[in-house]
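The values are calculated or read from the model by the stated rules, or taken from the named source; none is laboratory data. Note that the coordinates shown come from a computational prediction; the quantities given were computed from them, not determined experimentally. When we count neighbours, we look across all protein chains shown, and the Cβ atoms used for this are built from the backbone with ideal geometry, even at glycine.
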Amino acid sequence: MRDVSGNYRLINKLGRGGMGQVWGGVRLGREDMIMPCAIKVLHPALAETEDNRQRFFNEARIAAQLDHGRIVKVTDTSEVHGSPCLVMEWVDGVNLREFVDKIGVQLELDVCLHVVGEVLAALEYAHERTVAGKDAGVIHYDVTPSNIMISSSGEVKLTDFGIARFAATVEGTMSRSIGTPRYMSPEQLSGRAKRETDIYSLGVVLHELLTGARFLDGCNRVRLQTLVLDGHVPELNRAGTPAWVDQLRRQMLANQPDDRPRAADARALILQKTTRYHLAGQQLRELYQRFVGERRSGLTELVNTKELSRARGNKRKYRGWTPPPLVFERTSPRPPPSQEPTEAAPGTSGGEQVPAAAATEMPAQSGPARPRPLGLIYGFGAAVLLLFGITIGLFVTPRSSRYETASPASALVDQRAAAAIVAEFDPPDLDGPGSKPPTSTARPEPDPAARPPIEPEPAVTSESESEPESEPEPKPKPKPRKVEVTFVISGVASAEIEVGSRPLRYNHVAITKLHPRKYKVRWRESKRHPWLEPGSLTIEELPKGSYYEVRLGPTSIATKKRAGGSAR
């Protein structure tokens, strides 16, 4: 299966998730070059609108700018059967979840800290990134074992920057796109995310590596959400763990984002306290070779010999070595499969087709060489006749008409539009400004008479200026400016909420904007359940970047004012 550009070939499906499918593929380069890559094809439901498609490609551009040894590089975008896809470098390895499952034993402390330290290096780069001296930090949104790769050489890489960021911006996909709630911070469960959100998620990964068990294992989804929102941090049941490691784990799992350490500070602590940090990378490689498999090239499992020869044959078949005319590419930005051979030479854009165009013009230039002087003579004669006609028009045009077009207002307009008038070759309009100078001394009286109708125009503008004085009415509108409100119901996954007369759909979280005033609130889990009326909600104006977090119970409402964070 090929993509729409013809540059990539999807060979075998590696997996699927809520966002789409993951394929192993190859890039078909020039001179029979075949380069392995991973291709993530977006689910068609997430690319139905042009806005979502554009958002996906925008996030891909941001992810492609991240260039770090601990981040899986995004190299390109394309489309497969109408679905956008993300092309990434091929990592010869498995994700952290698969790695731990294959080993089957608890990792040593230094290895656990090495994995977390390498991911912290990636987050430090992404969070502290600047462009032209301005903050351009990038949040991952989904730091989980499934997005942490362990390569066959013992490298640790963080992947899925583009997909996770896109998922976090698509409406209605938050519950499935950001992954399992097990790794989501309290603010992320409330519909917001900050840089510290990634630190919390990595803290969950650290807890699981140290304990060898899932975070808050044994809790269902509702119970898990309740414990996370309440700031619960489970105890660490690993003997011999240094106190500083447990303290770091607790800080990374802090309920408030501001209480969590920066990625740079957490990594500096690990490097300072861990004496065998770099040796742990070698141990990772040995564990991989022993339990997962020998080190192999990126093509070993991705493409076999038959596939390689077939890919090369298809490349010659589809592309050939003689690029077709560039006209097809210009007329249709998305050529059909039959025209895919136009990509035969990606480096041959318009430059290689120009000589062909020039070659077709060369015979035409040698044949009609004689008519050129005649063409110049005819053109010169036409110009002379045109100037002669304009000169006659200056004398033939009635003097009264020239006076009529010589008012100050029309003269000003004529001066501004002179270039356009000359381009249109309109003699009557050219006469206006041309005839005004000799006649301006003969009839100065009509000009003052013509000015009074012009002066009322400032009067009109003064009236329009007085309208803004009555328009301060919009200025008070910031007073009832809407305030963002997040509703959370502990222990409930989905429900219906009514705030005043406004219905809200609750799916782990509900976010809306309300004018500052008092509202009656009621909610129910489903139509089969009765309405619960916990009371009234009073909304006051908040500064920009702040919001209300409202927790609903059967008989009570708890309201807190929170600082900013990115919605979804």
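Tabulated results
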{"quantity": "Close pairs from the stretch 34-46: first closer than 15 Å to L14 by Cβ and small (G, A, S), partner outside any helix (DSSP H, G or I) and modelled with pLDDT under 90, Cβ under 9 Å, at least 6 apart", "calculated": "A38/L14"}
{"quantity": "Subset of the stretch 10-40 that is under 25 Å from the mean Cα position of the chain (by Cα) and among the charged types (D, E, K, R) - its residue that is modelled with the lowest pLDDT", "calculated": "R16"}
{"quantity": "Options G218, G231, G240: the member that is out of contact with any Lys or Arg (no Cβ under 9 Å at 6 or more places or on another chain), surrounded by fewer than 16 Cβ atoms within 10 Å (Cβ to Cβ), more than 21 Å from V100 (Cα to Cα) and outside the structural domain of V492 (by the TED database)", "calculated": "G231"}
{"quantity": "Filter pass, Q54 being over 26 Å from M35 (Cα atoms) and not assigned by the TED database to the domain that holds S201", "calculated": "yes"}
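Every residue, every condition in (1) among the aliphatic types (A, V, I, L, M); (2) surrounded by 20 or more Cβ atoms within 10 Å (Cβ to Cβ); (3) closer than 19 Å to V204 by Cβ; (4) not assigned by the TED database to the domain that holds L504, yes or no:
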{"position": "G82", "(1), (2), (3), (4)": "no, no, no, yes"}
{"position": "L109", "(1), (2), (3), (4)": "yes, no, yes, yes"}
{"position": "H114", "(1), (2), (3), (4)": "no, yes, yes, yes"}
{"position": "H127", "(1), (2), (3), (4)": "no, yes, yes, yes"}
{"position": "V131", "(1), (2), (3), (4)": "yes, no, no, yes"}
{"position": "V138", "(1), (2), (3), (4)": "yes, yes, no, yes"}
{"position": "V143", "(1), (2), (3), (4)": "yes, yes, yes, yes"}
{"position": "T159", "(1), (2), (3), (4)": "no, yes, yes, yes"}
